[in-house]
């Protein structure tokens, strides 16, 4: 790990003021710190958000659920409000990593990191969420832009994520056994905005699958999903599976997610 300075501001204003030069926000540290240990990433200064109280908490109102950026995965999974309003999101959070990762990792840190196989990006895109930052509000469809890449600008801080509940929703992933990252993960929802199918782990960034959405708009069943022949072009291929394998697994995971959503 390269040397760096460290700051732990007490409030949001202090955190934003501390971001100068090559500084980075530190949330749970479950990805950034590990990358820094391996010298894959570096920063002149880390600005620890752990003491910023107004970035924490989970709130509900008539429009849905707002989750503070510093809410841990374990807090989201255990939240009565999330379990009532969007049980699929609580289940997604409860399946991330292991107990240490779930208790230290945060929703804001996860989406800002934008790992191609992370679970939360599928949840955000699958529910049509809105990312609140220190400067603006960004629709989830426009937030994730590529491999470890987002629409965030330099010094811009994720403050919360707002979710609108869906009539039906489920998240299903085929996980890598050691890391629990998704080799293929899908979040399917049906609500006022129609059917959304968000896929993680299969390409360099989370994406919506238009072919499966079209099939499910016609008939929202597992059989309708399985009737789709998804092309393998653009799919990831590695030691865990070929592009053709991942394309087939997207279809199967979507079918299972539809079945799970209908069983609620």
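Calculated FRET efficiency, residue 264 to residue 38, Cβ-Cβ distance, R0 = 35 Å: about 0.30 to the nearest 0.05.
Report the FRET efficiency, 1/(1 + (r/R0)^6), for residue 100 and residue 1, where r is their Cβ-Cβ distance and R0 is 22 Å, rounded to 0.05. For R0 = 22 Å, the calculated efficiency reads 0.70. Put in order of Cβ neighbour count within 10 Å, fewest first, the listed residues 207, 163 become 207, 163. Calculated FRET efficiency, residue 237 and residue 51, Cβ-Cβ r, R0 30 Å, to nearest 0.05? That gives a FRET efficiency of 0.10. Extent along the principal axes, Cα only, for segment 5-48: 31, 21, 11 Å, with the longest axis given first. Rounded to the nearest 500, the helix-only mean residue ellipticity at 222 nm of the chain stands at -9000 deg cm²/dmol, with each DSSP H run of n ≥ 4 adding -39,500 (n - 2.57). Neighbour counts of C-beta atoms inside 10 Å place 36, 1 in the sequence 1, 36, starting with the fewest. Each 5 Å bin, from zero up to the one with the longest distance, holds this percent of the alpha carbon pairs of segment 92-246: 2, 9, 18, 22, 21, 16, 9, 3, 1, 0. Sorted into 10 angstrom bins from 0, the C-alpha pair distances of segment 53-163 split as 15, 54, 29, 2 percent.
The overall shape of segment 123-206 is oblate: from the C-alpha gyration tensor, with semi-axes ordered a ≥ b ≥ c, the ratio a/c is 1.5 or greater and a/b is no larger than b/c. In plain terms, the residue of 149, 134, 110 with the fewest other Cβ atoms within 10 Å comes first and the most crowded comes last, giving 149, 134, 110.
Size check on segment 1-130: the Cα extents along the three principal axes, sorted descending, read 44, 30, 25 Å. With only the Cα atoms considered, the chain has a convex hull volume of 120 Å³ per residue.
Structural descriptor for segment 118-264: relative contact order 23 percent, calculated from alpha carbon pairs under 8 angstrom and at least 6 residues apart.
Binning all Cα-Cα separations of segment 168-262 at 10 Å, short to long from zero, yields these whole-percent fractions: 18, 54, 25, 3. Model label sites at residue 10 and residue 221, defined 7 Å from Cα along the beta-carbon direction, differ in position by 6.2 nm.
Computed from the coordinates by the stated procedures, all read-outs in this text should not be read as laboratory data. Just so we're clear, the structure is a prediction, and the values are computed from it rather than from any experiment. Please note: Cβ atoms are built from the backbone with ideal geometry, for glycine as well, and neighbour counts cover all protein chains shown.
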